[in-house]
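The values are calculated or read from the model by the stated rules, or taken from the named source; none is laboratory data. Since the model is a prediction, treat every value here as computed from it, not as a measurement. Here the Cβ positions follow ideal geometry from the backbone for every residue, glycine too, while neighbour counts run over all protein chains shown. What goes into the accessible areas is simple: the full protein's heavy atoms, side chains included, and nothing from ligands, DNA or RNA. Shrake-Rupley method; radii C 1.70, N 1.55, O 1.52, S 1.80 Å.
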Number of protein chains: 2
Amino acid sequence: MVSNPGRRTALLDAAIEALADEGARGLTFRMVDGLASVPLGTTSNYFTSRDELLTQVAAHLYVRFAPDPDELERAASASTLDELIMVMQGVVARLIERRSVYLAMLELRLEATRRPVLQQMFTERVREDLAANVAGHAASGMPGDRSTVIVLYVALAGLIIEQLSLPGVLADEGSTDELVALVVRSVAG
Amino acid sequence: MVSNPGRRTALLDAAIEALADEGARGLTFRMVDGLASVPLGTTSNYFTSRDELLTQVAAHLYVRFAPDPDELERAASASTLDELIMVMQGVVARLIERRSVYLAMLELRLEATRRPVLQQMFTERVREDLAANVAGHAASGMPGDRSTVIVLYVALAGLIIEQLSLPGVLADEGSTDELVALVVRSVAG
């Protein structure tokens, strides 16, 4: 196995674009080579199998999703409902802005229904994130409890999926920021 | 174009299975022929193009999702929060039970990010459904207003996607029925 970390990252970034553009079944080693502008065969030198490529892309999604330090600081110091709304508006805006990354994640989550290795990896990762959110929420003194975090998690995921895949459905209900405020007020208010 | 309605329906049902099993890019005329056990070339006699097949499958999803008359009656006569919870538990259970249909819909919604015709068709259909839900909710006297219906719609969609794609994530939080009750109480209570 070759292991130039910079090139590996470039291949994983290209795989994310391939997933978003073509879907999970459209992702091939050859397509990643093309999108990353590397010689044909490079991707297959970095990843031993399709399962390995998909699992590493899934892990790389979280690198690409990572919030900047300012956002983490605002989240840690939020304590009122209005601050919770602003924090959630920031999270949703970041995920929607990183459109390819979120669409690639949805493709991989559907692919995970067919690939146990991928399903296990995603499940562990999402559970960790959710546990960290529950702990962070409790520590912050923001309104609501564990249930609030769980309901916000599914509701905001549903909203992001709607806005990315069918942006016309909720267009008359307000901007994404307004919809996030509506959800958070409704769940945590 | 051939137009034996029974056979057309069988082809559309097979296409739903193909989408759920293989993803949007895995769906081919040839695969639908195989799954429907019809002679090779049959599917291409019924649908002039891939866009036509995908658009007709999208419309057929709603036939396969249709509630039975009992469920519609319960929904129409519900007026308390507990009745709203039971109605929503019924809706979510029905959609999760029709696993292939829901997964096929998610595949098509992602495909819709790349196909304007499909996006337009889905957007109109989901907007109609949502408007009917808002009207039905207002007429029933159930707790909550238009915003409640919108927030319930995104939250329950998020919950269904989670339970279908990564069932282990919320496994410790309760059964799907309990999670639906949690969401509805949180949003409409």
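The A and B chains share an interface that buries close to 3900 Å² of accessible area, total over both sides, probe 1.4 Å. With the simple model of a label 7 Å out from the Cα in the direction of the Cβ, A:Ser3 to A:Ala66 spans 1.9 nm. Rg and Dmax of the stretch B:145-188, both derived from C-alpha coordinates alone, stand at 10.7, 33 Å. A protection proxy built from the mean count of other Cβ atoms within 10 Å ranks the segments A:168-176, B:155-163, most packed first, as B:155-163, A:168-176. For chain B, the membrane-span-like helices by this rule, meaning whole DSSP H stretches whose C-alpha atoms cover at least 30 Å of axis and whose Kyte-Doolittle mean is -0.5 or above, are B:116-140; this says nothing about an actual membrane.
In chain B, helices alone account for a calculated mean residue ellipticity at 222 nm of -24500 deg cm²/dmol, with every DSSP H run of four or more residues adding -39,500 (n - 2.57).
Here the accessible area is traced with a 1.4 Å probe on the protein chains. For chain B, carbon and sulfur cover 54 percent of it.
Counting only other chain Cβ atoms within 10 Å of each residue's Cβ, the peptide B:18-24 averages 4. The mean sequence distance of close C-alpha pairs (under 8 Å, at least 6 residues apart), as a share of the length of the stretch A:1-67, puts its relative contact order at 35 percent.
Amide H to amide H distances under 5 Å link A:Gly174 with no residue, where only residues 5 or more positions off or on other chains count and H is placed in the peptide plane.
Contact order for the stretch B:76-175, expressed relative to its length and based on alpha carbon pairs under 8 Å spaced 6+ residues apart, stands at 36 percent. Note on B:Ser44 and B:Arg146: their simple-model spin labels are 4.9 nm apart, each label 7 Å out from Cα toward Cβ. Interface residues of the stretch A:100-117, defined as those with an accessible-area decrease of at least 20 Å² between the chain by itself and the complete set of protein chains (probe 1.4 Å), are A:Leu103, A:Leu106, A:Glu107, A:Arg109, A:Leu110, A:Thr113, A:Arg114. The relative contact order of chain A comes to 24 percent, based on Cα pairs under 8 Å that sit 6 or more residues apart.
How much of the pair distance distribution for the stretch B:74-189 lies past 22 Å, counting alpha-carbon pairs only, in percent? That fraction is 37 percent.
Evaluate peptide B:25-34: per residue, the Cβ atoms of other protein chains within 10 Å of its Cβ; return the mean as an integer. Rounded to a whole number, the mean comes out at 1. Residues in the protein assembly as shown average 43 Å² of solvent-accessible surface per residue, probe 1.4 Å, ligands and nucleic acids excluded.
Under the convention that each Lys and Arg Cβ holds +1 and each Asp and Glu Cβ holds -1, the size of the dipole of the stretch B:35-189 around its Cα centre is about 560 debye.
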